[in-house]
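Shown next, in C-alpha cells, is the structure this report addresses.
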Amino acid sequence: MLRTRSEVSPITRDDDVLRRSLADAHIPSLMCALVHVTGDVSILRGPIRPVHSFFGDAQGGITEAQQAEVRARAFEVLRAFRYGGHRLPAPPDAERVHEMVNFVIGTEVGPDYAAFLESELAMDESDPYACPGLAELPAELRANFRVVIVGAGMSGLLAAIRLKDAGIPFVILERHANVGGTWYQNSYPGCRVDSPNHTYSYSFRPNDWPQFYSQQEVLRGYFDRAADDYGLREHIRFDTSVLAARFDEARGTWSVETEHASGRRETFEANAVMSAVGQLNRPKWPDIPGQDRFRGIAFHSTEWEHEHDLTGKRVLVIGTGASAFQFAPEVAKVAAKVTIFQRTPPWIAGTPDYHADVPEGMHWLLNHVPYYGKWYRFAMFWRMAEGILGAVQRDAAWPDQRLSISANNEEVRKLFIASLEELCGEDKELLAKITPTYPPGGKRILFDNGNWVRCLRRDNVELVTDRIREINETGVRTERGVQHDADVLVYGTGFHASRFLMPMKITGRGGLDLHQHWAGDARAYLGITVPAFPNLFLLYGPNTNIVVNGSIVFFSECEVRYVLGLIKLQLERGAAALDCKREVHDAYNRLIDAGNLEMAWGAADVPTWYKNDKGRVTQNWPFGLVEYWNRTRVPDPADYTFLPVKR
C-alpha cells in the first residue's frame, strides 16, 4: 500500500543555520511541529493563535512579536532535539490531533469536516485515498481484470500507480511522446501552476518545490520522475491516439482502437476504460473572419512554436485568459511591440508569492523538522480548501446582482478593485479597461503578483478593448476600423473544455454513441460514470472542475479511489461490468445544476468556458470539498446495475 512520507533528515547544521531557517517558517505549522517534538500541546493553548482568512496574511494574523516569540522557543526546542539524539515522544492521540487541526486552520470545524481533514492530514501514516480490501482479493481475480487508461497526465499516472499497487493489469495509451499531460503539451513562456504547489502533488508523493507556484518544466519533471519511480513507462504506449472504444455486450468488455503516429493501428481489449484525457487539451480557435489570410506567423498558445524568435517582433495576442496572463508579460520583455486584444477582463486576486522562490530556510524546515512539512501542506490545503467559496455564492435577497451577488461577494469585489487601483496608480484609463463589470467568480479568477498590470503599463504594450472585425493579411482590424499590423499572431483563446472525450468515438450498450447521447451537454454521475456505458470511468469528467477551492489533484485522488472501489465491487460479485442507474445519474445532475445556478459562474451573465454552448455549466463543482470526498469514499452498490457474465 502507498503511504504518505514524513521522513526528515537529522538536524546537523550549526545554530546560525537553524536561526536563519526559522526566519522563513510558517508559524502555525511550526507550532504544531513543536508539539510532535516535545509532546507538549500547551504551546497551542496560549494567546498566539492563527485566524483563518483567505485574503489575510499567510501567518494567520500572528503578529511579528508573536512570531519572534515562537521562533525563539523553536530554536531552543530544536537545539535540544538535536543534542538529544533526535528522539520523538509518543505521537499525539486522536483528541490532540483534532485540537491541532482546529488550531492550524484557525477555526473550529464540526465532526464530519474534522474526519475529512484528519484523513487528509494522514497523521497515522495511513493512505487516505486507498481502496481498502482491493489488494486482498484473490490474485488471480485481480490479474484477470484488465484496464485501459487513456492519457498519461496527472490523473492517468495516478490511476496507473493505484492499479499497479492493487495488482490490476493496465496499459496507458498516450498521444504525446512523453508523460505529463497538460504540463507536456503547454510549454509557452511563463507557463506555471496556479494552485499552491505544496497542494498540487500526490498525497503519497510530497515534493520540495523550488517555488510556491512552480513553472511548467518543474511540474513536468515531477510527473516524469513519478513515471520512472513507479515503473510505469513499460506500461505506456506513447505516440498512440485512441480513435474509438466500443462496449461488447456479449462479453462485457471494451475494444479500444488506436493509431500510432507511424500510422500503425492496434486494438486493445479491456474490462474497463479509464479516460484521463482532461478538459483542457484541445485548443479552441476563435470564430473570426479572415484567420487564414494572415501572412505572418500564427499559432495557438497551447501549441507554442518555439522555433520562432520573437525578439524585436510586433506580436498580436488575442485573449486575456489564464494562458495570456502568463505568456504575454514574457513576450513583452523581448518583442518590439505587443498588442493584446481583450474581450472580457478577468478578476485578479493579488498573490504576492506567485513568482517567488521558496526561501532556503523553508526548504531546510521541510527537510529537517519532524512533521513540519506535513502540517505545512495541510495548512495550505485548508487555506485553499474552501477558498472564497462562501463569497461566490448567490444571496437571493441581494438587491442588485449585476456587479456582485451577495454582501461577501461585494467585499471581495472591493478588495480586488482596491488592488487594481493600487497597481494602476494614476492610469485611470487602464483601470477602467481592466475592471470587470460582473461579479467576482463569474469567470475564472486569476492569481497574480502585479506582473500583469506591470506588463500592460510597459511602453511597448497596448491593451485593445475594441471588438475584432477581421483578421487580414497584415494583422487585425477592429470594429472601429483601426488596423493593427504585426509579424506574429498568438491565439490565447483557451480550449474546447466542454467537448469531453473528443475526438474519440465511444459506443456503449445498444450501439449508443456517447457524443450523440450527450448532444453537446456532457453529464456524468459524480463526473465519473454514464448510464449505458458500463465500466467507462471518467477522470476530470463533467462538473469536477474546482474554481476557487483546492487543487485538482485532490479531486483526481477521490475519483481514482472511487473507481477502484467500483472495480472491487465488481470482482467481489463476479460481475462482467457495472452500469450507473439512469435515475441515480439524473437526480445527481439536477442537484449539480441547481447548485451551480447559486454560484457566481452560474448566476452571472458573462461569457466563460465554464458553460457549454447551451449555457449550462458543465465544468464546475458547486459545493465544498468535503461533500465530494464523502460521496466518493465508498461506492454505493445500489447506484449501479451489475451485468452478469454470459456463459
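The values are calculated or read from the model by the stated rules, or taken from the named source; none is laboratory data. For clarity, every value in this text was computed on a predicted model and none was experimentally measured. Please note: Cβ atoms are built from the backbone with ideal geometry, for glycine as well, and neighbour counts cover all protein chains shown.
Does segment 70-77 include one or more residues that are farther than 15 Å from W375 by Cα and in a loop (DSSP other than H, G, I, E, B)?
no
Tell me, yes or no, whether segment 219-241 has at least one residue that is over 20 Å from L501 (Cα atoms), buried (at least 18 other Cβ atoms within 10 Å of the Cβ) and without any contact (Cβ under 8 Å) to a residue 40 or more places away in the chain.
Yes, some residue in segment 219-241 is over 20 Å from L501 (Cα atoms), buried (at least 18 other Cβ atoms within 10 Å of the Cβ) and without any contact (Cβ under 8 Å) to a residue 40 or more places away in the chain.
So is H198 in contact (Cβ under 8 Å) with a residue 60 or more places away in the chain and within 17 Å of E557 (Cβ to Cβ) or not?
Against the criterion (in contact (Cβ under 8 Å) with a residue 60 or more places away in the chain and within 17 Å of E557 (Cβ to Cβ)), H198 qualifies.
For segment 187-203, state whether one or more residues are within 23 Å of T493 (Cα to Cα), in contact with a Pro (Cβ under 8 Å, 6 or more places away or on another chain) and either crowded, with 16+ Cβ neighbours inside 10 Å or small (G, A, S) (or both).
Looking through segment 187-203, at least one residue is within 23 Å of T493 (Cα to Cα), in contact with a Pro (Cβ under 8 Å, 6 or more places away or on another chain) and either crowded, with 16+ Cβ neighbours inside 10 Å or small (G, A, S) (or both).
Taking the residues in segment 586-621 that are within 17 Å of the chain's Cα centre (by Cα) and closer than 23 Å to T437 by Cβ as candidates, determine which candidate is surrounded by the fewest Cβ atoms within 10 Å (Cβ to Cβ).
W609
Would you mind telling me which numbered condition in (1) touching a Lys or Arg at 6+ places or on another chain (Cβ under 9 Å); (2) closer than 26 Å to P196 by Cβ; (3) of a type in the set (A, V, I, L, M, F, W, C) A356 fails?
(1)
Restricting attention to segment 624-647, which residues are under 23 Å from the mean Cα position of the chain (by Cα) and in contact (Cβ under 8 Å) with a residue 40 or more places away in the chain?
Correct list: G624, L625, V626, Y628, W629, N630, R631, T632, R633, V634.
Can you give me the number of residues within segment 464-475 that are touching a Ser or Thr at 6+ places or on another chain (Cβ under 8 Å) and among the hydrophobic types (A, V, I, L, M, F, W, C)?
2
Does V101 satisfy the criteria of being over 17 Å from Y562 (Cα atoms), outside any helix (DSSP H, G or I) and of a type in the set (A, V, I, L, M, F, W, C)?
Taking the combined requirement at face value, the residue does not satisfy it.
If I ask for residues that are closer than 30 Å to L538 by Cβ and surrounded by fewer than 17 Cβ atoms within 10 Å (Cβ to Cβ), which ones from segment 300-332 would you list?
E303 - this is the single residue of segment 300-332 that is closer than 30 Å to L538 by Cβ and surrounded by fewer than 17 Cβ atoms within 10 Å (Cβ to Cβ).
Scan (1) touching a Gly at 6+ places or on another chain (Cβ under 7 Å); (2) assigned to a helix (DSSP H, G or I) for the single condition P542 breaks and write down its number.
Of (1) touching a Gly at 6+ places or on another chain (Cβ under 7 Å); (2) assigned to a helix (DSSP H, G or I), only one is false for P542: (2).
Quick one: which strands (runs of 3 or more DSSP E) sit completely within segment 248-355 and have at least 2 residues that are at pLDDT below 95?
Those strands (runs of 3 or more DSSP E) span 348-350.
Suppose the filter is touching a strand residue (DSSP E or B) at 6+ places or on another chain (Cβ under 7 Å) and without any contact (Cβ under 8 Å) to a residue 24 or more places away in the chain; does R265 pass it?
It is true that R265 is touching a strand residue (DSSP E or B) at 6+ places or on another chain (Cβ under 7 Å) and without any contact (Cβ under 8 Å) to a residue 24 or more places away in the chain.
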